[in-house]
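Since the structure comes first, as structure tokens, the remarks are kept for the end.
The values are calculated or read from the model by the stated rules, or taken from the named source; none is laboratory data. Only a predicted model underlies this, so the values are computations on that prediction, with no experimental measurement involved. Don't worry about glycine lacking a Cβ; one is built from the backbone with ideal geometry, like all the others, and counts go over all protein chains shown.
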Amino acid sequence: MSLNISVLQEIQRLQKDEENGVLVLSRPGERLTITYRDGIVQSASSSQETHRLGTYFVREGLLKEKDVLKVAAEAKKRKIMFGEVAVENRYLDPAELADLVRRQAMDLLTYAFEEGFKVETYIKGIRSFYASAGISVEHILLEMSRRNPAALDADSKTVFALKQGENLAGVPWFPKELAILGELDGTANIEILTQSTGIDEPTVRKILAVFSRLGIIEQVGDDPTPGSSPECEPTSPIKKSEFAFERLVPFVSNPVFSEELEVIKNPSSFISEQFKTLKVRIRQDHQNSPRVLTISSPEQQDGKSLVSANFALALAMEKGRRTVIVDCDLRSPSLDKYLGVIPEPGLIQHLSNGRFLPHCCMRRIGNLYFMTSGGISESPTEMLSVRKMKELIESLRRDFDTVILDAPPYSPVADAQIISGLSDGVIMVIRSGKTSKSNIEHAFKVIDKKKLLGVVFNDVVPTLLNSYYHRYHYAYGGYGKAGDSGKRRLRSTPKGYLDS
């Protein structure tokens, strides 16, 4: 597919100059508007009904056509965005809205290239968005490359490697693409890539073709061990000693953070300071600071996932500290809701694939790496009990300074005991005035007392007396009515070129 160079050049210029404003593209009888903030595409809209956001709601089964008109009328009356009204009326959550906004914007950008739109004008100015697309030039080029069906035509023994020095974390790679990227951080040929990742050869060739069109790989020879003796195995890969997390794990460019993430929304507040204090006290009170931490609660709705997310963000703010949080609650996951991201890929996808390494189903926001649940499992206890779950934790222990495991509650299932058995320490979250005494007693009966680091009291009214900590007790000021979310609709992501 040939790109409209003048449009592409203008998009590249706007990103380079970190512009704020609206780019207008046109062709006879039609106009597109692309909105920018700091050089990144925030939204796109069209004068044609078929490309409007409401059409995507109907296509996804979130709204009926008559409801689109009602939402649009309310948005116009209140002078707010269509998507914001849809979220308020619970047709979808903010992360799903951001996903739809991104897909709509990408479709419109692709449409503009395909149909020969021209640059009409650019108007400077700043607009605010409830949920943004967060699309960069690199993301556009990746999507255009994915839409090219041609596979790489090369000998299976030809050796490839990533070009050195490029940071590739700025785009949303698929897990299979990340699996190949990880192998190519050393050197490998097609035969090696199929063996090491378990991905079939036609798919490997499609992925390599995408990388080749993007110009991020290079051919380095016909033997992955140049200069080796004839006795050496010709298909032995050369790999880096450590996966390049900072260069390859995708960072989410359009998260919609929950207002309850106090560490992000109000970093200087009393509550945020308590998370920082908790971090310091745990280290001070333990000669060997625990590396893998399980955060759980006696029962549902105690707020353990909210505590997990805030605590992980507090840890990730330290320079030089690599922190990861994993949503291990496969019955009622909520990490994706708090971070404002789509639930896939995540833990379920990692555990379900025999060969994928953890980074293939991982993403990051700032310095915080995370693995969402990936959805809701039909057999969570069995899935958490598999050998690969233990191998995952050991792998994360090697690669990260701190690993936070957001575990299910201790009652009424045994999932939390499985997770805490894989960790170095456990933090228990109890919700003041809500958690039942019987469930608290049950949790403390089954927990390994040697691993118990402390208790977080949630929903405590803040007073000067509510800021103390010792081995089994840490209290901090109120979270209002914060708690874990129940089950909600999880939509599958749209099919890509690797699913055809």
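Checking GLU84, GLU120, GLU96 one by one, the residue that is out of contact with any Asp or Glu (no Cβ under 9 Å at 6 or more places or on another chain) and in a helix (DSSP H, G or I) is GLU84 and no other. Here ALA98 fits the description: crowded, with 19+ Cβ neighbours inside 10 Å, closer than 23 Å to MET144 by Cα and of a type in the set (A, V, I, L, M).
Across region 421-461, the qualifying residues are those that are among the acidic types (Asp, Glu) and in contact with a helix residue (DSSP H, G or I) (Cβ under 9 Å, 6 or more places away or on another chain), and the one among them that is surrounded by the fewest Cβ atoms within 10 Å (Cβ to Cβ) is ASP448. Checked against the criterion of being in contact with a Pro (Cβ under 7 Å, 6 or more places away or on another chain) and modelled with pLDDT under 80, region 470-480 contains one or more residues that satisfy it. Annotation note: of PHE275, PHE270, the sole residue that is among the aromatic types (Phe, Trp, Tyr) and surrounded by 18 or more Cβ atoms within 10 Å (Cβ to Cβ) is PHE275. ALA414 passes every criterion in (1) crowded, with 20+ Cβ neighbours inside 10 Å; (2) in contact with a helix residue (DSSP H, G or I) (Cβ under 7 Å, 6 or more places away or on another chain); (3) of a type in the set (A, V, I, L, M) apart from (1). If I filter region 371-380 for residues that are among the β-branched types (Val, Ile, Thr), modelled with pLDDT of 95 or more and out of contact with any helix residue (DSSP H, G or I) (no Cβ under 7 Å at 6 or more places or on another chain), do I get at least one hit? No; the residues of region 371-380 include none that is among the β-branched types (Val, Ile, Thr), modelled with pLDDT of 95 or more and out of contact with any helix residue (DSSP H, G or I) (no Cβ under 7 Å at 6 or more places or on another chain).
Test THR35 against the stated conditions and say whether it is among the β-branched types (Val, Ile, Thr), modelled with pLDDT of 95 or more and not assigned by TED's automatic domain parsing to the domain that holds LEU335. Judged against the criteria, THR35 is a match.
Of the residues making up region 319-331, those that are outside any loop (DSSP other than H, G, I, E, B) and charged (D, E, K, R) number 1.
All told, ARG102 meets the bar of being in the same structural domain as ILE135 (by TED's automatic domain parsing) and within 22 Å of GLU259 (Cβ to Cβ). Among the conditions (1) within 20 Å of CYS360 (Cα to Cα); (2) touching a residue at least 40 places away in the same chain (Cβ under 8 Å); (3) part of a helix (DSSP H, G or I), the only one that ARG213 does not satisfy is (1).
Taken over region 264-289, the criterion of being part of a loop (DSSP other than H, G, I, E, B) and under 25 Å from the mean Cα position of the chain (by Cα) is satisfied by ASN266, PRO267.
Looking only at region 138-189, which residues are β-branched (Val, Ile, Thr) and within 13 Å of VAL220 (Cα to Cα)? THR158, VAL159, THR187, listed by residue number. Any residue at all in region 147-159 that's assigned to a loop (DSSP other than H, G, I, E, B), buried (at least 17 other Cβ atoms within 10 Å of the Cβ) and free of Cβ contacts under 8 Å to residues at least 60 places away in the same chain? Among the residues of region 147-159, not one is assigned to a loop (DSSP other than H, G, I, E, B), buried (at least 17 other Cβ atoms within 10 Å of the Cβ) and free of Cβ contacts under 8 Å to residues at least 60 places away in the same chain, which makes the answer no. Annotation note: of ILE135, ILE126, the sole residue that is among the β-branched types (Val, Ile, Thr) and surrounded by fewer than 18 Cβ atoms within 10 Å (Cβ to Cβ) is ILE126.
In region 75-84 there is at least one residue that is buried (at least 19 other Cβ atoms within 10 Å of the Cβ) and under 22 Å from the mean Cα position of the chain (by Cα). At negative phi and at pLDDT 95 or above: does that describe ARG283? Against the criterion (at negative phi and at pLDDT 95 or above), ARG283 does not qualify. Tell me whether region 324-343 contains one or more residues that are in contact with a Phe, Trp or Tyr (Cβ under 8 Å, 6 or more places away or on another chain), on the phi > 0 side of the Ramachandran plot and not aromatic (Phe, Trp, Tyr). Yes - at least one qualifying residue is present in region 324-343. Sub-6 Å Cβ pairs linking a first residue in region 41-64 that is free of Cβ contacts under 8 Å to residues at least 12 places away in the same chain to a second residue that is part of a helix (DSSP H, G or I) and of a type outside the set (Gly, Ala, Ser), at least 6 apart or interchain, are VAL58/GLU65, ordered by first then second residue.
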